[in-house]
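Below: the structure, in structure tokens.
The values are calculated or read from the model by the stated rules, or taken from the named source; none is laboratory data. Predicted model only: the values in this text are computed from it and were never measured. So basically every Cβ, Gly included, is an ideal-geometry build from the backbone, and we count neighbours across all protein chains shown. These area figures cover heavy atoms from the full protein model, side chains too; ligands, DNA and RNA do not enter into them. Shrake-Rupley method; radii C 1.70, N 1.55, O 1.52, S 1.80 Å.
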Amino acid sequence: MTKDVCAKSCGLMLVFLLALIFASPAPAKANRLEQCELDAMLVFDASGSMAGTDWIGQVSRISHVRNALRRVLPDITSVRRVGLISYGPGPYNKCDNIELQLQPGRYSPAQIMSRVDALVPAGRTPLTGAIEQAAEILRYRSKPAVIVLLTDGEETCGGKPCELARQLELTGKDVTVHVISYMRRRVSTGKGLLQSRCLARETGGIQVTAETEDELRAAFRKTLACPVLTKSRSRG
């Protein structure tokens, strides 16, 4: 083979390899089954509005959430390491009421519920900052991250949920934010619902609305649990 022929062949091969590289699709998000076992952070709304009561006016919103979460945690914790961040309680004139309750880990339902039961709803709603902190704890820049936001309202501390979602998507390895929007019919403005949809849409997550304990249980199962794995393990 002459040098000219070799040069032409090598050049064609280089062009072919470059075409393959640039034509390759961007890495896809983890599929549903893969996401089932990723570490997750539950970002829990314990702001003042969660002390409000249900339609009958007897049971607080946070009590309904506790009841629903207590029912589904056995399935969730059997397959997934879960962490917990709360936003609220705290003074209403401050927006630093975000607290890491549990790092992602293999906790029993009782361990998680002991933290949830101890929360006393109060204060404002810095949900954007809480999501950002959850992403950092999950090391979202270097590994896939699943965040489940529970909210019954909207951002009240000046945060910009949509901008944060875009930033997480651009700078993270594979961030997914699911949103459970609770008691939306009580909210007079649609701002909170739009924020929830944007958070989920920009990160490839899902946004679920819930008005009752049954709907809350379904929402937790849809966002945190894994029906395929929990069923297969229960048979084993």
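Please work out which one of (1) part of a helix (DSSP H, G or I); (2) farther than 17 Å from Arg197 by Cα; (3) not hydrophobic (A, V, I, L, M, F, W, C) is the condition Tyr140 fails and give its number.
(1)
One residue is enough: does the range 38-55 have a residue meeting the conditions more than 24 Å from Thr212 (Cβ to Cβ), part of a loop (DSSP other than H, G, I, E, B), open to solvent by 10 Å² or more (accessible area, probe 1.4 Å) and in contact (Cβ under 8 Å) with a residue 60 or more places away in the chain?
Checking the range 38-55: at least one residue is more than 24 Å from Thr212 (Cβ to Cβ), part of a loop (DSSP other than H, G, I, E, B), open to solvent by 10 Å² or more (accessible area, probe 1.4 Å) and in contact (Cβ under 8 Å) with a residue 60 or more places away in the chain.
Please find, among Val146, Val177, Val116, the residue that is within 23 Å of Asp54 (Cβ to Cβ) and either charged (D, E, K, R) or open to solvent by less than 10 Å² (accessible area, probe 1.4 Å) (or both).
Being within 23 Å of Asp54 (Cβ to Cβ) and either charged (D, E, K, R) or open to solvent by less than 10 Å² (accessible area, probe 1.4 Å) (or both) holds for just one of Val146, Val177, Val116, which is Val116.
With respect to Ala210, is the statement that it is over 14 Å from the mean Cα position of the chain (by Cα), among the aliphatic types (A, V, I, L, M) and open to solvent by 40 Å² or more (accessible area, probe 1.4 Å) true?
No; evaluated as a whole, the condition is false for this residue.
Looking at (1) closer than 19 Å to Ala134 by Cα; (2) open to solvent by less than 10 Å² (accessible area, probe 1.4 Å), which is the one condition that is false for Gly90?
The one condition Gly90 does not meet is (2).
For the range 98-113: of the residues being among the small types (Gly, Ala, Ser) and more than 28 Å from Thr203 (Cα to Cα), which is most open to solvent (accessible area, probe 1.4 Å)?
Applying the filter and picking the extreme gives Ala110.
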